[in-house]
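Below: one structure, written as structure tokens.
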Amino acid sequence: MATKIESLAQKYDIPTSTILLTAWGVLLSRLTGQSEVIVGANYDGRTDEELSKALGLLAKHLPIHLNLEEDSRFSEALRQADQLSRDASDWQECFTWEQALNSAGAATGSPFFPYVFNFENQAPQYASDGLTFSINRMDACSDRFKIKLSCANASD
């Protein structure tokens with residue numbers, strides 16, 4: 001299954017995470033009967049090289065607003081999710097909940113995503129004197145959500 005997902009990602013020239021985010025959005029849309037789904041996608045927050053090894057909670061969930069009409073093709077949903085994900089990544093440092101709530105005309109309140117998506121590549125494995133190990137990063141989550149899909153690419 002992972003090979004099929006990776007070949008689909010290559011075909012459309014998009015990250016594997018976008019394939020999985022789109023599939024998650026389509027599933028949520030079908031289950032809820034809503035054509036518009038907002039998924040909180042996890043972004044690392046370490047956009048500068050200097051921050052790549054920084055300790056602390058820099059990650060946050062940013063809203064990906066998918067519009068998945070019943071008659072739209074999966075390829076259209078992929079392109080939409082890819083563009084929205086790239087936009088969110090480019091602007092993650094500038095994102096504030098106040099702006100998001102005001103621009104949407106929503107009532108102020110605490111940020112909440114009913115649905116969250118997280119994707120990460122597994123750390124490589126190291127070997128020394130017959131011992132094999134990998135270093136996995138553990139995250140703390142303070143966001144509230146009902147359902148979270150966490151995916152990890154463990155192909156090494």
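Quick note: the coordinates plus some simple rules give every number you see, no bench work behind them. Computed from a predicted structure; not experimentally measured. We place every Cβ from the backbone using ideal geometry, glycine too, and count neighbours over all the protein chains shown.
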Difference of contour (0.36 nm per residue) and Cα-Cα distance, TRP91 to LEU27: 20.4 nm
Amide H proximity to CYS151 below 5 Å, modelled H, separation 5+ or other chain, gives ASN118, PHE119, GLU120
Pop a pseudo-label 7 angstrom from the Cα along the beta-carbon direction at both ALA154 and GLN34 and give the gap in nm to one decimal. 3.2
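Quick one: net charge of HIS65's neighbours, Cβ under 11 Å, K/R +1, D/E -1? Please report the intermediate quantities before stating the final value.
Working: positive: none; negative: GLU36, ASP87.
Every neighbour counted, the sum reads -2.
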Ordered by packing density, taken as the mean number of other Cβ atoms within 10 Å over each peptide's residues, highest first, how do 16-23, 82-89 rank? 16-23, 82-89
Just to be sure I understand the model, the point goes 7 Å from the Cα along the line to the Cβ. What's the resulting GLU69 to PHE133 distance in nm? 5.5
